[in-house]
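Since the structure comes first, as structure tokens, the remarks are kept for the end.
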Amino acid sequence: MNIRDLRYLVALAEHRHFGRAAAASFVSQPTLSTQIRKLEDELGVALIERAPRRVMLTPIGHDIADRARRILAEIDALREAARRSADPEAGSVRLGIFPTLGPYLLPHVITRIRDRFPKLELLLAEEKTEVLLAQLRHGKIDAAILALPLPDDQLHVEFLFEEPFQLAVPADHTLAQRRSISLDDLHEESLLLLEDGHCLREQALDVCQLAGASEKSGFRATSLETLRQMVAAGVGITLLPQLAVAPPVPPSNDIVLVPFRNPPPHRRIAMVWRRSSAMAAFLLELAGLFRQLPASLFDATSAAPLQARDSNTPVP
């Protein structure tokens, strides 16, 4: 048994097709098939159920493929630790981040990271939370920036910041005339929300439950930008995270942002990585750069609104 054979098995488990697994492994299909057979002979069990048009793993095949992923992740971490020992600030780091945060957070921190670690290769993966957690467990990424709480006590959690929400309403909505609101003002309102799988959906539902609001039926957005456009079109109202409405995000004349009075609803953001990671010391320093963002960036009352307000807008 060798590392190469374990990589072949993992590739086959992911692609469920000998040809595609061979292409992903940069070998011929007969070579990959032969090595899988040798691995089965060595272990004395069948790992693959071979059918004319598909490949399925046996139950023990699934178990061994999962173990192989963990072994390969540790081997990759070992190599990265060796490289980083020669130059702690060089090498690469694979960082996951979820879609309703990544495009809005990264512009504020990438320059800071480049200045601090000029030789670092930062590889970004933008996926939903559940996908990132799976990639983290399987060693496909080194760390992830996610919203708390998380259902995995095998991860080290480094808290970064709290991001408040603002209410986004069409310019002609009654709440657009308010300087600020409380959760009680959302009672019996219906909000536009994202589709299942987005952590922002769960966070917004929690706010709705607290406020006595509900989800607008018949619509679920696939992205934060879709929500923004639906509000601008007058379809409804929604919650937007503070970073998604702060500069350099351009303003809209058709949307008014209404901040919540303290304490505003918010989400808690953290960087997480495997407790066994050989990169822990470096990741801790990287997390510190995200934590150093200015407090004014998260102040909804000082951020530029998406629509300029008239100075005579009534105060509630």
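The values are calculated or read from the model by the stated rules, or taken from the named source; none is laboratory data. Just so you know, these numbers come straight off a predicted model, no measurement behind them. Heads up, the Cβs are rebuilt from the backbone with ideal geometry, glycines too, and the neighbour counts pull from every protein chain shown.
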Q. Tally time: how many residues in segment 225-248 are of a type in the set (Val, Ile, Thr) and farther than 19 Å from His198 by Cα?
A. 1
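A quick yes/no check of all residues on (1) at pLDDT 90 or above; (2) of a type in the set (S, T, N, Q); (3) more than 28 Å from the chain's Cα centre (by Cα):
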{"residue": "Gly19", "(1), (2), (3)": "no, no, yes"}
{"residue": "Gly44", "(1), (2), (3)": "yes, no, yes"}
{"residue": "Pro52", "(1), (2), (3)": "no, no, yes"}
{"residue": "Pro59", "(1), (2), (3)": "yes, no, yes"}
{"residue": "Ser92", "(1), (2), (3)": "no, yes, no"}
{"residue": "Pro107", "(1), (2), (3)": "yes, no, no"}
{"residue": "Phe117", "(1), (2), (3)": "yes, no, no"}
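Kindly evaluate Leu133 against the criterion of being aliphatic (A, V, I, L, M) and in contact with a strand residue (DSSP E or B) (Cβ under 8 Å, 6 or more places away or on another chain).
yes
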Q: Say whether the condition of being touching a helix residue (DSSP H, G or I) at 6+ places or on another chain (Cβ under 8 Å), closer than 30 Å to Leu283 by Cα, surrounded by fewer than 18 Cβ atoms within 10 Å (Cβ to Cβ) and touching a residue at least 12 places away in the same chain (Cβ under 8 Å) is met by at least one residue in segment 20-28.
A: yes
Q) What number of residues within segment 227-242 are assigned to a helix (DSSP H, G or I) and either out of contact with any Asp or Glu (no Cβ under 6 Å at 6 or more places or on another chain) or among the aromatic types (Phe, Trp, Tyr) (or both)? A) 5
Q: Go through segment 15-29 and give me each residue that's in contact with a Phe, Trp or Tyr (Cβ under 9 Å, 6 or more places away or on another chain) and assigned to a helix (DSSP H, G or I).
A: Ala21, Ala22, Ser25, Gln29
Q. Right, Arg112: closer than 30 Å to Leu224 by Cα, modelled with pLDDT of 90 or more, surrounded by fewer than 19 Cβ atoms within 10 Å (Cβ to Cβ) and not acidic (Asp, Glu) or not?
A. yes
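Please find, among Leu105, Leu12, Leu78, the residue that is of a type in the set (A, V, I, L, M), in a helix (DSSP H, G or I) and within 30 Å of Leu239 (Cα to Cα).
Criteria check complete, one pass: Leu105.
Which ones in segment 44-65 are without any contact (Cβ under 8 Å) to a residue 24 or more places away in the chain and on the phi < 0 side of the Ramachandran plot?
Across segment 44-65, the qualifying residues are Val45, Ala46, Glu49, Arg50, Ala51, Pro52, Arg53, Thr58, Pro59, Ile60, Asp63.
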Q: Scan segment 174-190 for residues that are within 17 Å of Pro265 (Cα to Cα), part of a helix (DSSP H, G or I) and in contact with a Pro (Cβ under 9 Å, 6 or more places away or on another chain) and jot them down.
A: Leu183, Asp185
